[in-house]
Structure formats: C-alpha cells, structure tokens
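**Student:** Got a structure for you, questions after.
All of the numbers you see were taken from the coordinates with simple rules; none came from a lab. Bear in mind that the values here come from a model prediction, so they are computed numbers and not experimental data. In this analysis, Cβ positions are derived from the backbone assuming ideal geometry, glycine residues included, and neighbour counts consider all displayed protein chains.
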Amino acid sequence: MILEQHLGRIRTTPVNIGGTSWKPQFPIESQIKEELLNQKEKTKTEIANKIMIDNGCGTITIFQENQPTFFEKLIKYYETNDMIDLKQWIYNTTIDGIDL
C-alpha cells in the first residue's frame, strides 16, 4: 500500500520482489532528476511533432550534434523573447519528412 505522504519521494527503504532474493538498488536522486528532465524534453518534442504532423509540416528532429546550438538559441529566445533566430534555425536544420 502506498501512503499519500510518500508520493513523489525517492524510496529510502529496501524493496522485496516475490519469488527472488534479488533486490533492486536504491535510486540515485541525481540520475532520477536527469531522467525526468530528459523525459520532459522528449514529451515537448513529441507534442510539437504531433502538431506539425497534423498540419502536414513534417517533424522536428534535433540530432545530438545539433543540441548545443539548439540550447544556445533556445536560451537566447528565453532571455530576449525574440524567436526569429530559433525559428529560422529549426526550419533550416531540424525539419524532416517534408520537402522544403
């Protein structure tokens, strides 16, 4: 039984799995936070791609080698609220599945 006050907290007690003596390791908080951040970014991309596909605009794929540039342009947008450079870079670099 999961008590409500424990929801959203990292477990600090061992877990037993019936039928085996194996016990999973305790989660590492920094790894969990990193994974959650990665999942949030993936979810954002999936939502953007759904909107783009629904409108016949292909998909956005940001390859690993382009991520530093993407984040640089994204931070610039966050700081200035000017999305022209980011939009142009996304249009020129990351859209796939449609002839531009």
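**Student:** What is the angle, in °, between the Cα long axis of helix 67-80 and the longest principal axis of the Cα atoms in the chain? Nearest 10 is fine, range 0 to 90.
**Tutor:** 80
**Student:** I'd like the Karplus ³J(HN,Hα) series for segment 9-18: coefficients 6.51, -1.76, 1.60, θ = phi - 60°, whole numbers in Hz, and an x wherever there's a Gly or Pro.
**Tutor:** Here the 3J(HN,Hα) series is 10, 6, 5, 10, 10, x, 10, 9, 10, x Hz.
**Student:** Mind checking which of 21, 58, 47 is farthest towards the positive end of the chain's charge dipole, using Cβ charges of +1 (Lys, Arg) and -1 (Asp, Glu) about the Cα centre?
**Tutor:** 21
**Student:** Dividing the alpha-carbon radius of gyration of the chain by 2.2 N^0.38 Å (N being the number of residues), what value is obtained? Kindly include the intermediate steps, with their values, before the conclusion.
**Tutor:** Values: Rg = 20.1 Å, N = 100, 2.2 N^0.38 = 12.7 Å.
Relative to the 2.2 N^0.38 Å estimate, the chain comes out at 1.59.
**Student:** Mind ordering 75-86, 16-27 by average Cβ neighbours within 10 Å, highest first?
**Tutor:** Numbers: 75-86: 11.7, 16-27: 8.2.
Going by the mean number of other Cβ atoms within 10 Å, highest first, we get 75-86, 16-27.
**Student:** Relative to the longest principal axis of the C-alpha atoms of the chain, give the angle of the C-alpha long axis of helix 84-93, reported between 0 and 90° and rounded to the nearest 10°.
**Tutor:** 80
**Student:** While we're looking at this one, here's another question. What's the magnitude of the charge dipole for segment 26-96 around its Cα centre, counting Lys and Arg as +1 and Asp and Glu as -1 at the beta-carbon? Answer in Debye, nearest 20.
**Tutor:** Numbers: 8 positive and 12 negative charges, 32 e Å.
That gives segment 26-96 a dipole magnitude of about 160 debye.
**Student:** When the chain is fully extended, how far beyond the present Cα-Cα distance does residue 39 get from residue 13, taking 0.36 nm per residue of separation?
**Tutor:** Taking residue 39 through residue 13 to full extension adds about 6.8 nm, to one decimal.
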